[in-house]
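Reviewing the structure listed below.
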Amino acid sequence: MDFTKLTNWTVRLLYLQIAISVIGLITGAMEHSVLRDIQNGNFVAETELIQAGEASDTRQGIVGGCQFLIYIVSGIWILRWIYVASSNARDLAAGAMKFSPGWAVGWYFIPFLNLWKPYQAMKEIWRVSANPRNPDAEPDSGLLASWWFFYIVSSLSGNAAFRLSLRADEIRELLAANFATRVSDIAGIPLAILFMVVVRRMHANQELARAATDAAEPGSIVSTTA
């Protein structure tokens with residue numbers, strides 16, 4: 001299945017993730033400054049403190065809402081891309097694959113197992129895409145390992161930020177939630193960049209493998225020029 005259009009849109013959405021993460025870092029730093037000012041008693045009047053706090057909450061609410069929307073839309077698109085990439089790999093593979101397209105996506109939703117199973121599925125797709133006839137001969141990819149490292153950091157810090165923000169009442173708790181959120185935003189930038197490279201390389205490898213398979217089929221026409 002040709003998934004060039006799907007790949008191009010996935011890359012565009014990853015650029016959007018990078019942009020919203022950068023914005024989140026900026027507004028997160030602004031929120032941190034406000035919280036520190038409140039903690040250190042730098043506001044001369046209560047009305048000034050209230051105004052600064054409300055402005056910060058509104059700003060973070062808007063950015064947080066945009067982040068949620070972008071990550072939901074891009075997440076659905078990325079999972080669709082993984083499903084198609086896995087399906088294509090199965091068509092190219094000379095032997096059976098361990099992970100089905102459904103489970104290549106489904107493992108992301110299984111608690112605890114989602115810490116390593118999706119990575120194993122992606123590694124299998126990567127190897128088959130690079131070498132359909134002998135995927136086991138393909139070495140482990142440092143690119144995939146780096147992508148998965150930042151995925152884990154971003155996921156765990158994002159989850160921590162959500163839980164901390166739910167029960168944050170005091171300034172120190174709000175600062176902890178702010179710190180976790182900024183860690184998640186920082187990790188989200190290399191995460192999106194690395195996955196962008198993975199998407200492009202895997203797409204290119206599958207296109208090359210498909211072209212080689214088509215050329216090797218009996219009855220295929222190979223044209224030559226003098």
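The values are calculated or read from the model by the stated rules, or taken from the named source; none is laboratory data. Given the structure is predicted, the values throughout are model-derived calculations rather than measurements. Reconstructed Cβ throughout: ideal geometry from the backbone, glycine too, with neighbour counts over all protein chains shown.
Figures for the structure shown
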| quantity | calculated |
| --- | --- |
| Residue check for Glu48: of a type in the set (D, E, K, R) and more than 30 Å from Asn205 (Cβ to Cβ) | yes |
| From the options Leu69, Leu35, residue that is among the hydrophobic types (A, V, I, L, M, F, W, C), out of contact with any helix residue (DSSP H, G or I) (no Cβ under 8 Å at 6 or more places or on another chain) and either part of a helix (DSSP H, G or I) or on the phi > 0 side of the Ramachandran plot (or both) | Leu69 |
| Residue match in segment 197-216 (condition: farther than 30 Å from Ile50 by Cα, loosely packed, with under 10 Cβ neighbours inside 10 Å, at pLDDT below 95 and polar (S, T, N, Q)) | no |
| From Ser155, Ser165, residue being surrounded by fewer than 18 Cβ atoms within 10 Å (Cβ to Cβ), of a type in the set (Gly, Ala, Ser) and within 18 Å of Ala29 (Cβ to Cβ) | Ser165 |
| One residue from Leu35, Leu16, Leu25, Leu6 being surrounded by 13 or more Cβ atoms within 10 Å (Cβ to Cβ), farther than 24 Å from Ser157 by Cα and at pLDDT 90 or above | Leu6 |
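Yes or no, residue by residue, for (1) touching a residue at least 24 places away in the same chain (Cβ under 8 Å); (2) within 30 Å of Ala29 (Cα to Cα); (3) not β-branched (Val, Ile, Thr):
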{"residue": "Trp107", "(1), (2), (3)": "no, no, yes"}
{"residue": "Leu113", "(1), (2), (3)": "no, no, yes"}
{"residue": "Ala130", "(1), (2), (3)": "yes, no, yes"}
{"residue": "Ser141", "(1), (2), (3)": "no, no, yes"}
{"residue": "Trp147", "(1), (2), (3)": "yes, yes, yes"}
{"residue": "Leu175", "(1), (2), (3)": "yes, yes, yes"}
{"residue": "Leu191", "(1), (2), (3)": "yes, yes, yes"}
{"residue": "Met196", "(1), (2), (3)": "yes, yes, yes"}
{"residue": "Ala204", "(1), (2), (3)": "no, no, yes"}
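For every residue, the table says whether it meets (1) more than 24 Å from Phe3 (Cβ to Cβ); (2) touching a Ser or Thr at 6+ places or on another chain (Cβ under 8 Å); (3) not in a helix (DSSP H, G or I).
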{"site": "Gly95", "(1), (2), (3)": "no, no, yes"}
{"site": "Phe99", "(1), (2), (3)": "no, yes, yes"}
{"site": "Pro111", "(1), (2), (3)": "yes, no, yes"}
{"site": "Arg127", "(1), (2), (3)": "no, no, no"}
{"site": "Leu143", "(1), (2), (3)": "no, no, no"}
{"site": "Trp147", "(1), (2), (3)": "no, no, no"}
{"site": "Ser165", "(1), (2), (3)": "yes, yes, no"}
{"site": "Val183", "(1), (2), (3)": "yes, yes, no"}
{"site": "Val199", "(1), (2), (3)": "no, yes, no"}
